[in-house]
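Read through the structure below, which is laid out as structure tokens, and then see the notes.
Please treat every number below as a calculation from the coordinates, not as lab data. What you see is a predicted model, and the numbers here were worked out from it, not measured in a lab. Please note: Cβ atoms are built from the backbone with ideal geometry, for glycine as well, and neighbour counts cover all protein chains shown.
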Amino acid sequence: MSLLGARRLLKTLAESEDETEIVAAAQALSKTGGRQVRRGLERLLTSQGSPRVRAQAAWALGFHPQGAEAVDSLLRTLGDLRDDPDIRAHAAEALGHMADRLGDREADVLAALLRSLTDTSAYVRFWSAFALGNLGDPRAIPALERLAERDTQSVPGWWSIRKEALDSIEQIRRAALG
């Protein structure tokens, strides 16, 4: 995709009122390499007022080829308890999707996701459990076990937090076996 095409998609993502257009732009941008696109998505995440645009920008960063360069912005978003829970949940999900690209930031991401397992938002807890499964670090298992024991809340459109925590534990154990 050309730089002009990417700019048009960023503009659509930033300005559209149509949910279908917003999601389509985020999906296209998530596959469009280049630091300028990554920086544009990161700017939308950190400065755009619309919660659904910010959430979609976070999601797109999780799949973007250079998305891991936005780890600091995603961690700040996830940790900002004043922020919209949907945006923070998308930040957690994005961190999970880039788990294999975190490099030396993996410990920071692990710590943030573990803290988020006690968030007041079911969405944030669910997507943090998901991300920990993708991260694959066995140190997350005790916290995920505690979450599975106490949290039976379901997330609309998905399943219970307990099931997600148990699935993540299984994913981590399978990864440890090689």
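Remarks
- Of all residues in the stretch 68-86, those that are surrounded by fewer than 24 Cβ atoms within 10 Å (Cβ to Cβ) and either assigned to a helix (DSSP H, G or I) or among the β-branched types (Val, Ile, Thr) (or both) total 10.
- Pair list, Cβ under 7 Å, 6 or more apart: the stretch 6-18 residue within 15 Å of residue 42 (Cβ to Cβ), other residue in a loop (DSSP other than H, G, I, E, B) and hydroxyl-bearing (Ser, Thr, Tyr): 6/32
- Conditions (1) under 19 Å from residue 137 (Cα atoms); (2) in contact with a Gly (Cβ under 9 Å, 6 or more places away or on another chain); (3) of a type in the set (Ser, Thr, Tyr); number of the one not met by residue 118: (2)
- Taken together, 120, 152 contain a single residue that is touching a strand residue (DSSP E or B) at 6+ places or on another chain (Cβ under 9 Å), loosely packed, with under 14 Cβ neighbours inside 10 Å and either hydroxyl-bearing (Ser, Thr, Tyr) or within 18 Å of residue 59 (Cβ to Cβ) (or both), which is 152.
- Residue 101 vs. criteria basic (Lys, Arg) and surrounded by 14 or more Cβ atoms within 10 Å (Cβ to Cβ): yes
- Checked against (1) crowded, with 19+ Cβ neighbours inside 10 Å; (2) hydrophobic (A, V, I, L, M, F, W, C); (3) more than 24 Å from residue 122 (Cβ to Cβ); (4) under 14 Å from the mean Cα position of the chain (by Cα), residue 26 passes all but condition (3).
- Residue within the stretch 49-63 that is touching a Pro at 6+ places or on another chain (Cβ under 9 Å), assigned to a helix (DSSP H, G or I) and not small (Gly, Ala, Ser) present: no
- Only one of the numbered conditions (1) in a helix (DSSP H, G or I); (2) within 26 Å of residue 34 (Cα to Cα) is not met by residue 128, and that is (2).
- Selection count, the stretch 152-169, where residues are in contact with an Asp or Glu (Cβ under 9 Å, 6 or more places away or on another chain), assigned to a loop (DSSP other than H, G, I, E, B) and either in contact (Cβ under 8 Å) with a residue 40 or more places away in the chain or not hydrophobic (A, V, I, L, M, F, W, C) (or both): 0
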